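Right, one structure below, let's go through it.
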Amino acid sequence: MSRPRKDQQLDIQRQAIRETIRLLDERDAHEITLADVAAAVGCKAPALYAYFAGKEALLIAAHNEGFRILLREKLAVASKNARDPLNQLCEGGLIYLRFAFERPGLYRLMFSPPLVKGLSRDPFATDPGAECLTVLRSAVTACQKEGYLPGMDAAHMAFVLWSAVHGAASLLLLGRAPGQTKPDSHAAASVIHSIMSFIQSSQAGN
């Protein structure tokens, strides 16, 4: 039997990560097995060992892919709103919430990961994770140049804003917001709009 072409090999790797991300929405990370992923991909479990040392390595790959996806979406928002930093902040927050509500299992893996060797519990330990925060900080800095959030440290404000949006997403996904019975993306979006009202009111002269 001839060996698979390199592009076929890479396709198995991509599919395994993609199917792991899908399975994370159906069950907890510790319940997913390599056999589950292999069945979803359409290969035998041993074939996955050509790309992943084990289940832990596959979870790390899915975790890192999540941050790459989030970073691409945030960079697209930044490019679209290059001349409107206030709207960039708003749309960036909404994109973050959409990511969390559309991929809740992946979101949990990224920000509340299980104890896996080699997987940092610091969401900003990977390059894409750190860059996501950098994009947010750059938007804060751009807003400050237009008179918003005067005198505040941009890095600190970026972390504060991320904490507020992340907290809202996490609580709403867990069903722990006041009066909430199920995940509600509209309630999460209202948090973004409240934050933006605060930022707008901080501009000198308002």
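The values are calculated or read from the model by the stated rules, or taken from the named source; none is laboratory data. Model, not experiment: these values are computed from the prediction. Positions of Cβ are generated from backbone atoms using ideal geometry, with glycine treated the same way; all protein chains shown enter the neighbour counts. Just so you know, the surface numbers come from the protein's heavy atoms only, side chains and all, with ligands and any DNA or RNA stripped out. Shrake-Rupley method; radii C 1.70, N 1.55, O 1.52, S 1.80 Å.
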- Rounded if a/c is under 1.5, else prolate if a/b beats b/c, else oblate: with a ≥ b ≥ c from the C-alpha gyration tensor eigenvalues square-rooted, which is the range 1-102? prolate
- Item | Difference of contour (0.36 nm per residue) and Cα-Cα distance, Asp122 to Glu102 | 5.0 nm
- Task: Determine the dipole magnitude for the chain: charges of +1 sit on the beta-carbon of Lys and Arg, -1 on that of Asp and Glu, nothing else is charged, the reference point is the Cα centre, and the result goes in debye to the nearest 20.
- Result: 400 debye
- Message: Please report the carbon-and-sulfur percent of the accessible area for the chain; probe 1.4 Å, protein heavy atoms only, DNA, RNA and ligands left out.
- Response: 55 percent
- Message: What value in Å³ per residue do you get for the convex hull of the alpha-carbon atoms in the chain?
- Response: 129 Å³
- Task: Would you mind putting 63-69, 188-194, 87-93 in packing order, based on average other-beta-carbon counts within 10 Å, highest first?
- Result: 87-93, 63-69, 188-194
- Note on the structure: Projecting the Cα atoms of Pro150, Ala130, Phe52 onto the charge dipole of the chain, where Lys and Arg contribute +1 and Asp and Glu -1 at Cβ, the residue farthest towards the positive end is Phe52
- Query: For the range 82-135, what mean projected area does the convex hull of the alpha carbons give, in nm²?
  - Reply: 4.2 nm²
- Note on the structure: Rounded to whole Å², per residue accessible area for the range 61-190 with a 1.4 Å probe reads 50 Å²
- Message: Per DSSP helix of 4 or more residues, -39500 (n - 2.57); summed, then divided by the residues of the chain. What does that give at 222 nm, rounded to the nearest 500?
- Response: -22000 deg cm²/dmol
- Amide H neighbours of Cys43 under 5 Å, counting only residues 5+ apart in sequence or on other chains, H built in-plane at 1.01 Å? none
- Mind checking which aspartates and glutamates have their C-alpha under 13 Å from Lys145, skipping anything on the same chain fewer than 8 residues away? Asp84, Asp153
- Message: Using the Cα centre of the range 71-206 as origin and beta-carbon charges of +1 (Lys, Arg) and -1 (Asp, Glu), tell me which of Gly105, Val77, Ala164 is placed farthest towards the positive end of the dipole.
- Response: Gly105
